[in-house]
Every structure is written in structure tokens, then in C-alpha cells.
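The values are calculated or read from the model by the stated rules, or taken from the named source; none is laboratory data. Since this is a predicted model, take the numbers as computed values, not measurements. We place every Cβ from the backbone using ideal geometry, glycine too, and count neighbours over all the protein chains shown. When the accessible area is computed, the model is the full protein with side chains, heavy atoms only, and any ligands, DNA or RNA have been set aside. Shrake-Rupley method; radii C 1.70, N 1.55, O 1.52, S 1.80 Å.
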Amino acid sequence: MRVMPTGIFFHYQQGERLKDFPQALDGILEKENVFFYDALYLSKPKSCFDLEPIPIETLHKIHSPGMIDRVKATGDFEGALYSAAGTLSAAIKVWSGELLNAFVFTGYGDHHAGSNFFGGGCYLNGAAIAIHELQETFGAKRFAIIDTDAHHGNGTWELFENDPTVLYICFCSESSQEKNQNVNVHVPFKVKDSVYTALAKESFEKWVKPFQPEIIFWNWGYDGTIGEYGDIGLTLKFHLQMAMEIKKLAYEVCSGRLIIILCGGSRRDYANFLIPRIIRILVD
Ligand SMILES: [Zn+2]
Ligand SMILES: [Zn+2]
């Protein structure tokens, strides 16, 4: 039986946290069931493909033209575009069966970007752009977004509060008015790994399994880790446990279709520890 590949979506970016990538993926890129998609990587290995930017018309289906102009004025537009392009491309390839699952490196995460606002290092909402495309072009009907970044995903919340086809579960210590399938899961400050994991498993039973999404997006941030800017008391190990739980969940409800979007977190040592391990969980 052929093993369906995992896709890794990458673009080179400035800044500290991902400085050691893609080299830090040592040994992963050579695996037969790993495909690497990259915008600007110069010496491409055999399993490496180009990453295409997103056309402006596609961006305008989620974000107002005025907001796109404001993002352009920040000087970070290209990085934001390739971040979202990774998520869009991953979603299409996972949906069409070219890939089983995917990990998207983003320079700029997406959950603070709404229809007409952005902030907190998020400029474009990649998950929303991808979901819209799967709805419009591919006829996909039910989606889940699991958000375990330490902060409240106000952008994703706004974009989906009137869309009953998207289950958005936001784990954090803030909340918004719940509507349709937008759900707050209150995470205490500080929290033990075991308490958070139990909360997650409970919400998967209560919300995700009955909803039966056809594909799962995981907004994964490690900014809640001890020593990070959003420290809520989590250990590094917590993220690996969560990756295993969510992978298992994806197999149970949607044939393994899972896209991990890198969100918050700033430390380079944590990125080097966590990202290769999380990708290996996807691959193995
Ligand atoms: Zn965050
Ligand atoms: Zn939240």
C-alpha cells in the first residue's frame, strides 16, 4: 500500500525563530512520503516544489481591499502572502488526496486577521482563505479549526461567527459571544499540561466528533509554553501530546485530513525542538 505523503509548506523569512529551517528538518525532507513546497529555497531537493502566491481576487473574498492596502503598507505583505499561500495550497492538496496531511510554516500567523482588521503579527487569515476556496471550488461542507495558540483568535472568530459550516474551537482565557459553531474553551492561567489535555479531549468528544468535519485545521502556537511571551505554564512536551491527540482525532473523523498552521511562539530553541518532532508525528 502506498503511504500518502505529508506536505511541508515553507518560505524563507527573516527573524530569529525559524533561522535554522529548513536545515533543522534534517532527515525529514529525504523521506519518501514527504513533499516540500517552498517559495524561495535555492537548492531544492528532489521532492521540492514551488509555492505559488495567492491571486489578489482570492484575498478579496476574505479581506477588504482597503485592509489589503494597509497590509501592503506595513512592508510585510510578501511574507504574509506566502504564509497564507502555504495554507491554501496545503488545503487544496489535502482535500484532493495528493497529501494526507500538512505542516505550514508561517512568518505571520492568521487568527488575529479578520475581514477588515489585523494585528498581533497576523496579516492574512490563511485558514479562512483556504476554507473559502474549499467551499466555493471543491464543494467541501464541514470544517473544524482547533486553535491552541495562547491568545484569543479574534479574526478567525469574526470571520466564522455567521458560518454554521465551520466549527471554530478557541482555547484561551478570553472569550467572545458564542454564535453558530464558534466555541470558547476557557483555559485557566496557569494551567497544567494534564488539565489542558483533558479539556481538549473533552471538547473533541463534545464538539468535533458530533460535527464530523471533513478536514481539520490546527492553529498551533507554542507561545503558551513556559518562558514564552504568552506563558500559561505549558511544557514543550505538551505540544507533542496535543499533536498526537489531534492526529488521532483527524483519523477518527476525516480520514486523517489535517493541516497544522504554525502560529504564535518566538523562541528559536523551542522551534528547533518542537517543529521537527511535530512533523515526524504527522509523517509516521
Ligand atoms: Zn498568540
Ligand atoms: Zn479564544
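Kindly provide the set of residues from segment 158-211 that are among the hydroxyl-bearing types (S, T, Y) and more than 16 Å from ligand 1 (Cβ to nearest atom), ordered by number. Scanning segment 158-211 gives T165, S194, T197, S203. Looking at F189, is it open to solvent by 10 Å² or more (accessible area, probe 1.4 Å), over 29 Å from Q14 (Cβ atoms) and among the aromatic types (F, W, Y)? The answer is yes for F189.
For the criterion of being among the basic types (K, R) and in contact with a Gly (Cβ under 7 Å, 6 or more places away or on another chain), K141 fails. Counting residues in segment 103-112 that are out of contact with any strand residue (DSSP E or B) (no Cβ under 7 Å at 6 or more places or on another chain), within 28 Å of S266 (Cα to Cα) and away from ligand 1 (no atom under 14 Å from the Cβ) gives one or more. Filtered by the rule that a residue be touching an Asp or Glu at 6+ places or on another chain (Cβ under 6 Å) and away from ligand 1 (no atom under 16 Å from the Cβ), segment 138-154 gives A140, R142.
Against the definition (touching a residue at least 24 places away in the same chain (Cβ under 8 Å), of a type in the set (D, E) and either under 22 Å from A102 (Cβ atoms) or surrounded by 18 or more Cβ atoms within 10 Å (Cβ to Cβ) (or both)), how does D223 come out, yes or no? It is true that D223 is touching a residue at least 24 places away in the same chain (Cβ under 8 Å), of a type in the set (D, E) and either under 22 Å from A102 (Cβ atoms) or surrounded by 18 or more Cβ atoms within 10 Å (Cβ to Cβ) (or both).
Checking each residue in segment 135-179 for being more than 16 Å from ligand 2 (Cβ to nearest atom), surrounded by fewer than 22 Cβ atoms within 10 Å (Cβ to Cβ) and not in a loop (DSSP other than H, G, I, E, B) picks out Q135, E136, T137, F138.
Of the conditions (1) more than 17 Å from F211 (Cα to Cα); (2) out of contact with any Lys or Arg (no Cβ under 7 Å at 6 or more places or on another chain), D147 satisfies every one except a single condition; which number is it? Result: D147 passes all but (1).
Counting only strands (runs of 3 or more DSSP E) that sit completely within segment 181-284, those holding 2 or more residues that are within 16 Å of ligand 2 (Cβ to nearest atom) and under 27 Å from I131 (Cα atoms) correspond to 182-186, 215-220. Looking across S43, S96, one residue alone is open to solvent by 10 Å² or more (accessible area, probe 1.4 Å), out of contact with any strand residue (DSSP E or B) (no Cβ under 8 Å at 6 or more places or on another chain), of a type in the set (S, T, Y) and modelled with pLDDT under 90. It is S43.
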